[in-house]
Amino acid sequence: MDWSKLPLWILFLLMIPTFIGYFTCHVLKLKKNVATTYLFGNMTQWAVLQIIGVPMVLLRTSFTFLTIVYSVILGGLCVAGILLWIRHKNDPKNRIEKKKLEYQDIFALVLMIAGYIALAVMLAIKQHTDHDDSRFVVNAVDIVRTDTMFLTNPATGLPITDFFKQELVRDVFSPNAVYIAYVARMTGTHATIMAHSVLVQSLMLCVLAVYWLLGDTFFKKSVFSKASFVFLAFLTMVYGCYTGYPAQAFTLFRIWQGKAAIAAFGIPAVFLVCSWIYDEPTDWKKCILLYIVILAMCQFSTMGIMLGGAMCGGIGLAYAILKKKPTMALRIWIGFAICLVYFTAYIMSNGGSLYNGETLF
Amino acid sequence: MTLPEAVERMGFWISRYAGESGVFLYIALAAGIYLLLFSKQVRIKIMMPIVLMAMVVLNPILYQILFSKIIYWRFFWILQDVVLIGLALTDLCGRFKQGWIRCLCLLLCSGGIVLLGTNVFRPEQGRFIDADSPYKVDPETREVCEVILADNPHPTLIISNWLFSETRQYSGDIIQLFGRDGDGYIYEMDPAVRAFEREFRFGNMSWEEVFQYAMEHNFTHVCFYDRYQIDDIAEQYGYECLAVVGPRIIYHQLPG
């Protein structure tokens, strides 16, 4: 492992997302802490990539062009985040509430931190190989190598002219491989190493953040409960992989693959943000956060388009019934509409057919 | 697809998802019921949407129309068993007033998870091996690729079996005749390549035919998964043995 790249990994995978997240949280008037800024900073990055990346892929621009445009946007958001942080760091609203920790809080926190470190170490020193990487990871390798996006057959390495075929068309509308290629290029890391060894740790931090925030949402002021929830969740992940199908299996085995990221923290993030919307149904800013998360889900995988849309539809309907507020459903269903746009584009690119090879998604 | 067939297929996928024991799936269902009954916040914000979505996902009529055409079992991810188990057990632990009982409850819950489950990182689970390199591809793949790339930094390769899924992960400079598209994934194959691939992978081609093809199409390397060295045949077509890597034999094209 070339550890000389560690400062660049920290910059692109930790610092930049955190400052972008500070900007996002400030604009959307969210509580600013490490978990919210890191998670929603990454979500913002992926949402931006979905918005600009899909048209650029369709227009067959070079990867270099996308890199420049994406970097300018992320750089602008990051600088804005840094300036806001400098300006507001002494703001009383941003001060971390000092709370006296009881011994049970410390006990649970120690378990949580130890459990997470143990998991991170295991994911670092172990490997799981998956044949799906012959498309997901190799797409990123070829993007860096050829400076084109999805115009190379990852199975052979030969150039192609039509990416609206078979499985490759899914990557056109969910260009997660472009993100892997982007961070690989910006840090000078081989795309396979980036996916398998570096991004794993960054994405597991997103899992940690979303679970902490879920704990914060449902257990509010109890540090013991928040830490216990995260610890128990990670323990269940490690000991509860009953087959290779459930979300926890995908989380541990191949989180760098878009569909696995959806299972790992995308779906929990949708539940998280929707829970916030339920508490403040008239707050449009929480809805915008939901749309950012949905766009990130679409970026990860066409499965994200399906699941994100299904979740917005189901959660919106459930909340509208429970709160007796139809407008609440409509606001959440805008997330469904976002997914519908990409779903429609995907179907149209497939000649109006639901079928693409054996299955749709 | 008839309705009984749809129900049968749904049952097939549920049992496949749950596996032989599926105990954690049942624990997740129990956790969901607990949260429905005892946690108002979770009931409203998470469980009711999950119940509503489950009514859609587990609907045989919708399976007939839509879910049979997609990767159905991925919709079970909406169940989020890790979240439900975590929330239920944490809620249970938090109901005790005394701190030491809470800690004890947490330890008991953790012990229960450990005893009922299996550590996925244990070697006997067959899911993980020790990381061989930062690339985290199979060690055999890495060794084969290193030999080939040391010989030619831009090789064109015919390679058999599962290594073709990983060689291009190690280096995008490797061009292959076929990869996982041979299994029907990724991208459609050229019919002529498909014909060769079918014969080659199922052992229906003679060594002479393989090397003839490789020579005609100017492949720089051919890698077999075979015990037999066939140097004399290879030499007739301008190839020689480059290296033997485990059970793999790598031939490279002679210059000129």
**Report entry** Single condition A:Leu101 does not satisfy, out of (1) among the aliphatic types (A, V, I, L, M); (2) touching a residue at least 12 places away in the same chain (Cβ under 8 Å); (3) more than 14 Å from chain B (Cβ to nearest Cβ)
**Finding:** (3)
Query raised in the report: Looking at segment B:53-66, which of its residues are in a helix (DSSP H, G or I) and within 10 Å of chain A (Cβ to nearest Cβ)?
Result: B:Met53, B:Ala54, B:Met55, B:Val56, B:Val57
Query - Residue count for segment A:230-281, restricted to those that are under 30 Å from A:Ala320 (Cβ atoms), part of a helix (DSSP H, G or I), without any contact (Cβ under 8 Å) to a residue 40 or more places away in the chain and facing chain B (nearest Cβ under 8 Å) - result: 3
Requested in this report: Determine if segment A:269-280 includes at least one residue that is out of contact with any helix residue (DSSP H, G or I) (no Cβ under 7 Å at 6 or more places or on another chain) and farther than 24 Å from A:Ile180 by Cα.
Outcome: yes
Query raised in the report: Mind checking which pairs have a first residue in segment A:287-310 that is touching a residue at least 12 places away in the same chain (Cβ under 8 Å) and a second that is of a type in the set (D, E, K, R), Cβ under 6 Å, 6 or more apart or different chains?
Result: A:Cys287/A:Arg331; A:Ser301/A:Lys259; A:Thr302/A:Arg170; A:Met303/A:Lys259; A:Met303/B:Arg74
Query - Candidates A:Ala155, A:Ala191, filtered to the one that is in contact with a helix residue (DSSP H, G or I) (Cβ under 9 Å, 6 or more places away or on another chain), closer than 26 Å to A:Leu6 by Cβ and crowded, with 24+ Cβ neighbours inside 10 Å - result: A:Ala191
Query - Residue selected from segment B:127-152 under the condition outside any loop (DSSP other than H, G, I, E, B) and facing another protein chain (nearest Cβ under 9 Å), by the criterion surrounded by the most Cβ atoms within 10 Å (Cβ to Cβ) - result: B:Thr141
Requested in this report: Determine whether segment B:108-123 contains at least one residue that is assigned to a helix (DSSP H, G or I) and more than 28 Å from A:Ala124 (Cα to Cα).
Outcome: yes
Report task. Would you point out the residue of segment B:88-126, among those that are surrounded by 14 or more Cβ atoms within 10 Å (Cβ to Cβ), more than 7 Å from chain A (Cβ to nearest Cβ) and under 18 Å from A:Lys221 (Cβ atoms), that is nearest to the chain's Cα centre (by Cα)? Result -> B:Asp91
Query raised in the report: Looking at (1) in contact with a Gly (Cβ under 9 Å, 6 or more places away or on another chain); (2) outside any loop (DSSP other than H, G, I, E, B); (3) more than 7 Å from every other protein chain (Cβ to nearest Cβ), which is the one condition that is false for B:Arg168?
Result: (3)
Query raised in the report: Checking A:Lys100 against (1) at pLDDT below 95; (2) closer than 22 Å to A:Phe150 by Cβ, which single condition isn't satisfied?
Result: (2)
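Can you confirm whether B:Tyr185 is among the aromatic types (Phe, Trp, Tyr) and within 12 Å of chain A (Cβ to nearest Cβ)?
yes
Pick out the one residue from B:Ile50, B:Ile85, B:Ile78, B:Ile27 that is crowded, with 18+ Cβ neighbours inside 10 Å, part of a helix (DSSP H, G or I), within 9 Å of chain A (Cβ to nearest Cβ) and in contact with a Phe, Trp or Tyr (Cβ under 8 Å, 6 or more places away or on another chain).
On the way: B:Ile50 fails: in contact with a Phe, Trp or Tyr (Cβ under 8 Å, 6 or more places away or on another chain); B:Ile78 fails: in contact with a Phe, Trp or Tyr (Cβ under 8 Å, 6 or more places away or on another chain); B:Ile27 fails: in contact with a Phe, Trp or Tyr (Cβ under 8 Å, 6 or more places away or on another chain).
Being crowded, with 18+ Cβ neighbours inside 10 Å, part of a helix (DSSP H, G or I), within 9 Å of chain A (Cβ to nearest Cβ) and in contact with a Phe, Trp or Tyr (Cβ under 8 Å, 6 or more places away or on another chain) holds for just one of B:Ile50, B:Ile85, B:Ile78, B:Ile27, which is B:Ile85.
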Requested in this report: Give me a count of the residues in segment B:142-166 that are more than 21 Å from B:Tyr213 (Cα to Cα) and among the hydroxyl-bearing types (Ser, Thr, Tyr).
Outcome: 1
Query raised in the report: Is one or more of the residues making up segment A:248-271 more than 17 Å from the chain's Cα centre (by Cα) and surrounded by 24 or more Cβ atoms within 10 Å (Cβ to Cβ)?
Result: no
Query - Filtered residues of segment B:195-236 (kept if out of contact with any His (no Cβ under 8 Å at 6 or more places or on another chain), within 14 Å of chain A (Cβ to nearest Cβ), at pLDDT 85 or above and surrounded by 15 or more Cβ atoms within 10 Å (Cβ to Cβ)) - result: B:Phe196, B:Glu197, B:Phe219
Query raised in the report: Could you say which residue among A:Ile106, A:Ile68 is without any contact (Cβ under 8 Å) to a residue 12 or more places away in the chain and either under 20 Å from A:Tyr211 (Cα atoms) or in contact with a His (Cβ under 9 Å, 6 or more places away or on another chain) (or both)?
Result: A:Ile106
Report task. List every residue pair whose Cβ atoms lie under 7 Å apart, where the two residues are 6 or more positions apart in sequence or sit on different chains, the first residue falls within segment B:19-39 and is closer than 13 Å to A:Tyr242 by Cβ, and the second residue, located anywhere, is surrounded by fewer than 20 Cβ atoms within 10 Å (Cβ to Cβ). Result -> B:Gly19/A:Thr243; B:Val23/B:Leu116; B:Leu25/B:Ala18
Query raised in the report: If we scan segment A:50-73, do we find a residue that is of a type outside the set (D, E, K, R), surrounded by 20 or more Cβ atoms within 10 Å (Cβ to Cβ) and over 30 Å from B:Val137 (Cβ atoms)?
Result: no
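The values are calculated or read from the model by the stated rules, or taken from the named source; none is laboratory data. In this text the structure is predicted, and so the values were computed from the model without any measurement. When we count neighbours, we look across all protein chains shown, and the Cβ atoms used for this are built from the backbone with ideal geometry, even at glycine.
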